[in-house]
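**Q** The structure's right below; bear with me while I get my questions together.
The values are calculated or read from the model by the stated rules, or taken from the named source; none is laboratory data. Just so you know, these numbers come straight off a predicted model, no measurement behind them. Virtual Cβ from ideal backbone geometry, glycine too; neighbours counted across all protein chains shown. These area figures cover heavy atoms from the full protein model, side chains too; ligands, DNA and RNA do not enter into them. Shrake-Rupley method; radii C 1.70, N 1.55, O 1.52, S 1.80 Å.
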Amino acid sequence: TIFRRLQKEGLHCRIAAKKEFLTNAQKEQRMAFATAYADKDEQGWRSVIFSDEKTFGSHENGRPFVIRTNGTRFVPGHTFSIKRSGRKSIPVWGWFSFDEAGAIHHINGRLTAEKYIRVLEDHLV
């Protein structure tokens, strides 16, 4: 079949990646964080709690597939833009540490700075 011939040539059918572009300031902040904590040992990481929010949403176009070779996930033409209007979404927040993962909490409405502080006070502190 055509797919077998493509696979023989190293081309595989995969879901297209979503790529968010970072600004230079964001790249610098991430590098500064990584540099500041590069020598932290296991015991040091045991005292850290990470938290993050994520919005799960519907997408009316389904999952786009691309055919590409290994190592070309973010090459232009192998990614797709996300249309955000007209979709349904569920925002959630959660945390994890070295030793465990916390519960996931539903966020009502848009996550503002004030709501984020409230979530941290109510569910993390």
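**Q** For the list (1) closer than 30 Å to ARG5 by Cα; (2) modelled with pLDDT under 80, I need the number of the one condition that SER85 fails.
**A** (1)
**Q** Follow-up. When ASP39 is evaluated against the numbered criteria (1) farther than 27 Å from LEU120 by Cα; (2) surrounded by 13 or more Cβ atoms within 10 Å (Cβ to Cβ); (3) at pLDDT 80 or above, which criterion, by number, is the only one it fails?
**A** (2)
**Q** Still on this structure, I have one more. Considering only residues of region 100-125 that are exposed (fewer than 10 other Cβ atoms within 10 Å of the Cβ) and touching a Lys or Arg at 6+ places or on another chain (Cβ under 9 Å), which is modelled with the lowest pLDDT?
**A** GLY109
**Q** Same structure again: Does any residue in region 91-113 that is on the phi > 0 side of the Ramachandran plot come within less than 9 Å, Cβ to Cβ, of a residue that is open to solvent by less than 30 Å² (accessible area, probe 1.4 Å) six or more places away or on a different chain, and which pairs are these?
**A** Cβ pairs passing all conditions: GLY109/PRO91.
Quick grid of which residues meet (1) touching a Phe, Trp or Tyr at 6+ places or on another chain (Cβ under 6 Å); (2) surrounded by 10 or more Cβ atoms within 10 Å (Cβ to Cβ); (3) at pLDDT 80 or above:
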site	(1), (2), (3)
GLN43	no, no, yes
SER51	yes, yes, yes
LYS54	no, yes, yes
PRO64	yes, yes, no
THR79	no, yes, no
TRP93	no, yes, yes
PHE98	yes, yes, yes
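**Q** On to the next question. Just checking: which of the helices (runs of 4 or more DSSP H) contained wholly in region 1-51 hold 1 or more residues that are in contact (Cβ under 8 Å) with a residue 60 or more places away in the chain?
**A** Details: elements: 2-8, 24-36, 42-45.
Result: 2-8.
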